[in-house]
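Participant: Sharing a structure with you now.
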Amino acid sequence: MRKKRLASLLAAAGLLASSVSLTAAAQAFAAPVADEAPAADNAPLSGEAPLADTYLRQQPAWHRCSPDQPASYECATIKVPLDYQRPRGKTLDLAMSRVRSENPAKRHGVMLLNPGGPGGSGLDLPLYIGESMPKEVREQYDLIGFDPRGVGASSPVTCGLTDTEQEFDRAYRPETFPSDVAWARTVADKCREKAGSVLPYLTTRNTARDMDTIRAVLGERKISYLGYSYGTYLGAVYTQMFPNRTDRFVLDSGVDPDRIWRGMIQVWATEAEPAFARWTRWAAERAGEYHLGDSPASVSGTFWQLVARADRDPIVFQGQKINGDDIRRARGMFFYPAQITPLVVALKDAADGKPGGPTAFDMKKALAGGSGNGAAAEPASDNGTAVFWSVVCGDTADWPRDPERYRRDAVRDKAAYPLYGDFASNIKPCAFWQRPLEAATPMRTRAAVVTVQNEWDSQTPLASGLGMHRALKGSRMVLALGGEGHGAYLADPSSCVNAPVSEYLVTGRLPAQDLTCRATGGRAELGAGSGSGSGTGSAPAGRLPFPSGGPGRF
C-alpha cells in the first residue's frame, strides 16, 4: 500500500524532527511584511464564474483515516467542479487530510502540503511531515494534505497504459525514432479515449483553484503552504491567482516557470553535464580506491568507453543486460558521486568478467534513478502517469506539434549534452495532446515567499531553482551550497536550510536578503547572497519520497 511505502521511505530518508535552534538565524530576518488588504470573502477571480455556495459551504465529515494510524490523523472528502468555468456541471471528489495543531493558543492557521509529481499523492504528508517539523513550527499550523484532482483518492483517472507505454526515458536513435513517435501518439490517443472528458481539466491552475476551495471550506482567510518540486510551481501559480489569500509559502526545489514543461525536462540534460564533470573530479581524487582514472579526463574516458562497449555488447550483470542507453539513463545519479561511483565500478568489473558488485538492488532500477521515482500509483498502475501527462501537456501550448522538430532537437542535444540530451528532447505524448484550455500562468504579481534549493539537486537543478526565485518578484532564496538531494527543508535533519526556513514559518518574516549556507560537520553557517558556489559536497542528504507515478519526476 502507498501509506506503508511512503512511511518506509520517509524512515529511510531520516526524516526526524529537527533539533536545530531557531534563534540562531533570527538576526537574519527583516521586519514583518505588512498585512494585505482583506479580499472579499471567497470572491471569484476576474472573468470567472462565481463558485456556488454548495461548494463553499461544505461541511467536511472528518473521520479517522485508518485504524492503524493515529486518531489525530483525519480524512474527509469534498466536491469540486470539474470545470470552474461551469461550476454547476460535473464534479470531482477531492480527498484531503489533516493533523491539527495541539496548541490552539499558538495556532496561526492552516498549511497545505504537496509532495510534487505531477501525479503525487499528498494525503499522507500531514502525518509524516508533522513528525519532522520542529515543535515551534508544528504547533502553529493545522497541516492539510490532499490528493490533487485525478490522483489517488481524488476521482483517480487512468489511461489504461501498459508498463511499456509508461516508460518515459527513450534515447534517440534513427532506427527507433518511428517507434518513439508511435509510442507518443498511442499514449495521447489512449488517454483521450479512456478519460478525454476529464484530462483537459487536470491542470495546475485548476488544482490551485481546488486549493482555494479547500481554504474556503476550512473557513480560512488565507493559507500557508509547503510544496516540493512540482509543488513549487503549484504554489507559485496559487500566489499569482490568489495573492490576497497567500500567507507563508515555502517552495522547495523549484520548477522554473519559464521552462514549463518541455524546458524542465531538457534542463535535466543541460545540468547533468556540470554534475558529470563534478563526478569525474570526485572519482579522480579517489583513484586509489575506485581505479577509474587519476584525472577527470581519464575518468570521463573510462566512462564513455564503458558506454560504447555496452552498446556493442550489452553487459550481463546479475542476470540483466545493460546497454549504453541504460547507463546514460542514470544521469540523475551523477549528482551523488558516492552513489554512482560504485555502480560504474561494478559495471566495469562485470564487463571485464570480474565477479562481485552490488547485490541488494535491481541494477536497472538503480540506473533509472533509484527508489524515489516511477512507483505505481493506486488504484490504477498508470494513475500517476496519466496525471503527469495531463498536467505537463495541459498547462502550456508551447509543446511542438511536428515530430520532425523533436528529431532535430534530439540529434542536436545528443551532441551538445551527451549524457542525456537526446532523452530529454525526444518526442513526448504532448506532441499529440489536446490543445490546452487555458494559457500558462504569467508570474507578474509580487510574492513574498521563501524558495529553498540544494546546489546539487538532480530533478529540479540549481538553474531551475534560480529561475523560480527570479520569476517570483519579492521572494527570498535559501540556498544550501554543496547540498545534495531533491528536497532540502526537513529532508536532512542536519541541513543548514532548516533553521532559516523554520524561522520564517514561525514568525512570518522574510529573510532580509537571500541566504546561502553550507553544512560543515552538521552546523549551519549562514551568509548573505545567492551565488551558486561550487562546493566540495558532503554526504548525500536524505531525499523526500516524492510519490510520483510513472514518469513524474518533479
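Participant: Would it be correct to say that S197 is part of a helix (DSSP H, G or I), surrounded by fewer than 20 Cβ atoms within 10 Å (Cβ to Cβ), at pLDDT 95 or above and hydroxyl-bearing (S, T, Y)?
Facilitator: No; evaluated as a whole, the condition is false for this residue.
Participant: If you take the residues in region 460-479 that are buried (at least 22 other Cβ atoms within 10 Å of the Cβ) and either of a type in the set (S, T, Y) or without any contact (Cβ under 8 Å) to a residue 12 or more places away in the chain (or both), which one is nearest to R331 (Cα to Cα)?
Facilitator: T460
Participant: Would a scan of region 229-249 turn up a residue that is polar (S, T, N, Q), touching an Asp or Glu at 6+ places or on another chain (Cβ under 9 Å) and within 20 Å of A480 (Cα to Cα)?
Facilitator: Yes - at least one qualifying residue is present in region 229-249.
Participant: Between a residue in region 496-509 that is without any contact (Cβ under 8 Å) to a residue 24 or more places away in the chain and any residue that is in a helix (DSSP H, G or I) and of a type in the set (D, E, K, R), which pairs come within a Cβ distance under 7 Å, given they are 6 or more apart or on different chains?
Facilitator: Note: no pairs meet the criteria.
Participant: Let me ask something else. Residues to consider are G487, G482; find the one that is modelled with pLDDT under 95, crowded, with 21+ Cβ neighbours inside 10 Å and touching a Ser or Thr at 6+ places or on another chain (Cβ under 6 Å).
Facilitator: G487
Participant: Looking only at residues in region 412-428 that are of a type outside the set (S, T, Y) and within 20 Å of the chain's Cα centre (by Cα), which one is farthest from I260 (Cα to Cα)?
Facilitator: F423
Participant: Any idea which residue in region 76-132 is nearest to the chain's Cα centre (by Cα), counting only those that are among the hydroxyl-bearing types (S, T, Y) and within 18 Å of A216 (Cβ to Cβ)?
Facilitator: S97
Participant: Quick check on my filter: what residues within region 296-316 are surrounded by 13 or more Cβ atoms within 10 Å (Cβ to Cβ) and more than 21 Å from S458 (Cβ to Cβ)?
Facilitator: Within region 296-316, S298, G301, T302, R309, A310, D311, P314, I315 meet the criteria.
Participant: Right, another one. Does D457 fit the bill of being touching a helix residue (DSSP H, G or I) at 6+ places or on another chain (Cβ under 6 Å) and buried (at least 21 other Cβ atoms within 10 Å of the Cβ)?
Facilitator: Criteria not met by D457.
Participant: Please return the ranges of helices (runs of 4 or more DSSP H) entirely within region 202-309 where 3 or more residues are at pLDDT 95 or above and among the small types (G, A, S).
Facilitator: 230-241, 262-285
Participant: Here's another thing I want to ask about it. How many of the residues making up region 453-472 are within 25 Å of A424 (Cα to Cα) and either in a strand (DSSP E or B) or aliphatic (A, V, I, L, M) (or both)?
Facilitator: Matching residues across region 453-472 total 9.
Participant: Any chance you could count how many residues in region 117-146 are surrounded by fewer than 24 Cβ atoms within 10 Å (Cβ to Cβ) and outside any helix (DSSP H, G or I)?
Facilitator: Summing the residues that are surrounded by fewer than 24 Cβ atoms within 10 Å (Cβ to Cβ) and outside any helix (DSSP H, G or I) in region 117-146 gives 5.
Participant: Would you check if D326 is at negative phi, in contact (Cβ under 8 Å) with a residue 40 or more places away in the chain and in the same structural domain as R509 (by TED's automatic domain parsing)?
Facilitator: no
Participant: Okay, moving on. Can you pull out the residues in region 124-164 that are in contact with a helix residue (DSSP H, G or I) (Cβ under 7 Å, 6 or more places away or on another chain) and of a type in the set (D, E)?
Facilitator: The answer is D124, E136, E139.
Participant: Next question, about the same structure. Output yes when any residue across region 171-179 is assigned to a helix (DSSP H, G or I) and in contact (Cβ under 8 Å) with a residue 24 or more places away in the chain, and no when none is.
Facilitator: Yes, region 171-179 contains a residue that is assigned to a helix (DSSP H, G or I) and in contact (Cβ under 8 Å) with a residue 24 or more places away in the chain.
Participant: Of all residues in region 407-443, count the ones that are assigned to a helix (DSSP H, G or I), under 21 Å from Y233 (Cα atoms) and of a type in the set (A, V, I, L, M).
Facilitator: 1
Participant: Those residues that are in contact with a helix residue (DSSP H, G or I) (Cβ under 9 Å, 6 or more places away or on another chain) and acidic (D, E), I need them from region 75-123; list them, please.
Facilitator: Of everything in region 75-123, those that are in contact with a helix residue (DSSP H, G or I) (Cβ under 9 Å, 6 or more places away or on another chain) and acidic (D, E) turn out to be D83, E102.
Participant: Give the residues of region 60-89 that are free of Cβ contacts under 8 Å to residues at least 12 places away in the same chain and either exposed (fewer than 12 other Cβ atoms within 10 Å of the Cβ) or assigned to a loop (DSSP other than H, G, I, E, B) (or both), sorted by residue number.
Facilitator: Listed by number, the residues that qualify are P67, D68, A71, G89.
Participant: Something else now. Name the residue, out of A182, A105, that is in a helix (DSSP H, G or I), closer than 30 Å to A488 by Cα and without any contact (Cβ under 8 Å) to a residue 24 or more places away in the chain.
Facilitator: A105
The values are calculated or read from the model by the stated rules, or taken from the named source; none is laboratory data. These figures come from a predicted structure and were not determined experimentally. Cβ atoms come from the backbone with ideal geometry, glycine included; neighbour counts cover every protein chain shown.
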